[in-house]
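Nothing in this text is a laboratory measurement; each read-out follows from the coordinates by a stated rule. Owing to the predicted nature of the structure, the values given are computational and were not obtained by experimental measurement. Cβ coordinates were reconstructed from backbone atoms using ideal geometry, including for glycine residues, and neighbour counts include every protein chain displayed.
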Ligand code: SF4
Ligand code: SF4
């Protein structure tokens, strides 16, 4: 089990949201890192991770079985929006969207 990181047995957010990123985040842009080949272009500036703009969504970079054991195959190069979506916010408060996706009531502080 992964008591310290619930994401490793979850993956719900990677199979729920449309994961949108800016052109500047792509590996073909200076300083960018997200693999262009795993994205789908939405407009001149916006891209999304393949698999997240269809129903049911599932990011192409997600490996494993949601709710069992998963990993992001581009973890070090994942989009900014993925980096910012975690079980807890930077101030220590629960991320309500994360807990809702998991069907868990957030802990009271
Ligand atoms: S951030 Fe929350 S919903 Fe996303 S994988 Fe981690 S525990 Fe699951
Ligand atoms: S890039 Fe990785 S963290 Fe982001 S949605 Fe896809 S699998 Fe999840």
Gained length - residue 27 relative to residue 105, 0.36 nm times residue gap less alpha-carbon distance: 24.3 nm
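What is the calculated FRET efficiency for residue 45 to residue 65, with r their C-beta to C-beta distance and R₀ = 35 Å, to the nearest 0.05?
Calculated value: 0.55.
Would you mind giving the three semi-axes, in whole Å and largest first, of the ellipsoid equivalent to region 1-43 according to its Cα gyration tensor? List each step's numbers first, then the result.
Details: eigenvalues 146, 37, 11 Å².
Ellipsoid semi-axes (Å, largest first): 27, 14, 7.
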Over region 33-109, what is the mean sequence separation of C-alpha contacts under 8 Å (at least six apart), divided by residue count, expressed as relative contact order in percent? 17
From the P(r) of region 6-101, could you give the percentage of C-alpha pairs in the tail past 15 Å? 60
